[in-house]
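What follows is a set of notes on a single structure, which appears directly below.
Read-outs: derived from the displayed coordinates by stated rules, not from any lab. The shown structure was predicted, so the numbers you read here are calculated from the model rather than taken from an experiment. Don't worry about glycine lacking a Cβ; one is built from the backbone with ideal geometry, like all the others, and counts go over all protein chains shown.
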Amino acid sequence: MFCPNCGKENQAEQKFCRSCGLKLDAVLQVVADQFPSEEYAAMQRRKRIFERLGLGALSIAGLIGLMLLLFTVGLYKLIVLGPEVLFGLSIVAVIFFLLLSVVLIGYPKLFMRFEKADPQLAPLDESPSIQTTGKLLEDRFFEPVPSVTDDTTDLLLTKDTRHRS
């Protein structure tokens, strides 16, 4: 860990900076609060896994659909194997993988509660709407607020403490 005051590297278990003496306990606590909780990190990993599985299932469904198209083109060659059975099984497989992809992609959104794990780090599903207009902003009257130091910069009269010899 680096000291935020002087920049010197310190061990994580040190309570004070070896260079400048800054108390590092509070700094370490603030830094630790910035990281997500273990539960939140585990939920994020599970979410990524489910999304990848869903995309994989969707890819398999697309591949089966492409194979189904190729199968129908070459159907006359498969009469010996029973095309009705193969065609029916391929339709069932496409429907199964489409449903599986929908379930795996939608699972994190429906069943994972990120706000329970760590409310500060919950993903924002809705982006704020930005309204753009072609109008210029109005110029409003601006009256500067007087500063605390206005009218106080005059030299103060002090007692002369120098001795004349």
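Could you check the simple spin-label distance between GLU138 and MET1, using points 7 Å along Cα→Cβ, in nm with one decimal?
Going from the GLU138 label point to the MET1 one covers 5.2 nm.
Leaving out same-chain residues fewer than 8 places away, which lysines sit with a Cα under 20 Å from that of LYS8?
LYS23
Calculate, for LYS47 and GLU13, the FRET efficiency according to 1/(1 + (r/R0)^6) with r their C-beta to C-beta distance and R0 41 Å; round to the nearest 0.05. The partial results should precede the final answer.
Details: r = 34 Å, r/R0 = 0.82.
Efficiency, rounded to the nearest 0.05: 0.75.
ARG113 versus MET67, label points 7 Å from Cα toward the beta carbon: distance in nm?
Distance between label points: 4.1 nm.
Please compute P(r) over all alpha-carbon pairs of the stretch 1-63, binned at 5 Å starting from zero, and give each bin as a whole-number percent.
Histogram of Cα-Cα distances, whole percents per bin: 4, 16, 16, 11, 8, 8, 9, 8, 6, 6, 5, 3, 1.
Using packing as a proxy for protection, rank 30-36, 41-47 so that the peptide with the highest average count of other Cβ atoms within 10 Å comes first. Kindly include the intermediate steps, with their values, before the conclusion.
Values: 30-36: 10.4, 41-47: 14.7.
The densest-packed peptide leads the list: 41-47, 30-36.
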